[in-house]
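See below for the structure under consideration.
The values are calculated or read from the model by the stated rules, or taken from the named source; none is laboratory data. None of the values given here were measured: they were computed from a predicted structure. Here the Cβ positions follow ideal geometry from the backbone for every residue, glycine too, while neighbour counts run over all protein chains shown. The accessibility values were calculated without ligands, DNA or RNA, using every heavy atom of the protein model including side chains. Shrake-Rupley method; radii C 1.70, N 1.55, O 1.52, S 1.80 Å.
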Amino acid sequence: MSGFDPTDADALHEEAIARTGRSDFGDDGYREGLGVLIDAIRASPRHDRIAPRFGAMAVNLLVGRLASQAGWNAHPELLDDPVPAPLIITGLPRSGTTILHFLMSVDPQFQWTPRWVGEAPLIRPPREEWESHPQYRQVHDRLEATFAANPGLRAAHDMGAALADECITVMSQSFMTNTFNSTLPLPDYRHWWYEADEEPSYRRYKDNLRLMGARARDRTWLLKNPSHSYGMDAMLRVFPDARVVVLHRNPVETIASGASLIWRNGQLFEKAETGPIRLDIFARAVERMREARERHPGAAVLDVHYRDLIADKLGTVRRIYRHFGLTLSAEAETAMQAFIGDNPQGKHGRHDYSSGEFGITDDQVRDRFADYIARHDLA
């Protein structure tokens, strides 16, 4: 990408075409968000630092769009497949969504998106073929290089080419997700996103699930993304029969932890701005989530406290299965017990943080989330 202008939309598309030999990006709905991002970067006083990171992200996402469209063009019948009653995990970032997702992903009744498939969607191959796939090796090597260059990042948030990944990796193809707020300091984009309707992004995501799960059409999808707390209304419009687990943790802990994570992830932000950004996004998210649940009173939603999950992981899983009428097999329970034993808290090191490091105070967080804390007994 040398000599390449990362804020030229045509150049971004040409790079993705050159990399893949494909040229069909699908519908043009994504171009609005892409344009907002480009304009925001051009106007930013940190243009020179942000633009290269954005260019790499944007080309990867356009490559992902090309892969999805190629899959649909080759197998248009997949777009008629149902995606019945997925089990979706959400909640504030840093509230236990990742550990619960990883834990439940060992149950063979579920299918999920491994990171290497989500970045450039394709029909998910059998597990024994993953390591030999060129796309797997590329994603694996890049993630390991990232963790080697930033040793504290894995302690804050583990990722792996073969691990169950967040929905946002695929949904970012629409250029309308919180991904960009968590990686690039662009207030103009953030304020545009606050007003956007994410339903088209969720509809594209549903089509991607149809593609990736084509070999396992009868298996239930296990999905996870903290940003579904913000987009819950659109999510429930697209997945009206979804079974949703919402994790709750005291925001004094989650906001500072999330601020620490986005600051570590590339350090494009000034440290003191990360706290206010996270505070604003996720204070809005819990109110939008409350409103969405009121708008969809028939939605199947179960609230789970982080403290209960940490105190008794397997007991929490049993409660989730009972609530949604799922069967926890002896095989799955044994695999979950093994996972818990192999993955103690802090396995990859301690993730230390405090609100004051990131431009906010604990009292500011408590004030902004007062209703949420009271509603879910999080004090």
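Odds and ends about this structure:
- The chain, relative contact order [Cα under 8 Å, separation at least 6], %: 23 percent
- Length-normalised contact order of region 4-112 in % [C-alpha pairs under 8 Å, at least 6 apart]: 30 percent
- In Å, descending, principal axis extents of the Cα set of region 290-379: 47, 41, 17
- By accessible area with a 1.4 Å probe, ligands and nucleic acids excluded, highest first: order of Asp48, Asp165: Asp48, Asp165
- Estimated translational D of region 16-172 in µm²/s (Stokes, Kirkwood radius over Cα pairs; 4 °C; 1.567 mPa s): 73 µm²/s
- Heavy-atom accessible area order for Trp263, Trp221, largest first, 1.4 Å probe: Trp263, Trp221
- For Met57, the accessible surface of its heavy atoms amounts to roughly 30 Å² (probe 1.4 Å, protein chains only, rounded to the nearest 10).
- Over region 182-339, relative contact order from alpha-carbon pairs under 8 Å, at least 6 apart, %: 28 percent
- Segments 17-27, 82-92 sorted - mean Cβ within 10 Å per residue, highest first: 82-92, 17-27
- Over the chain: helical MRE at 222 nm, DSSP H runs n ≥ 4 each giving -39500 (n - 2.57), nearest 500: -16500 deg cm²/dmol
- Fully extending the segment from Ala162 to Glu32, taken as 0.36 nm per residue of separation minus the present Cα-Cα distance, adds 43.6 nm.
- The chain: proportion of alpha-carbon pairs further apart than 34 angstrom, %: 24 percent
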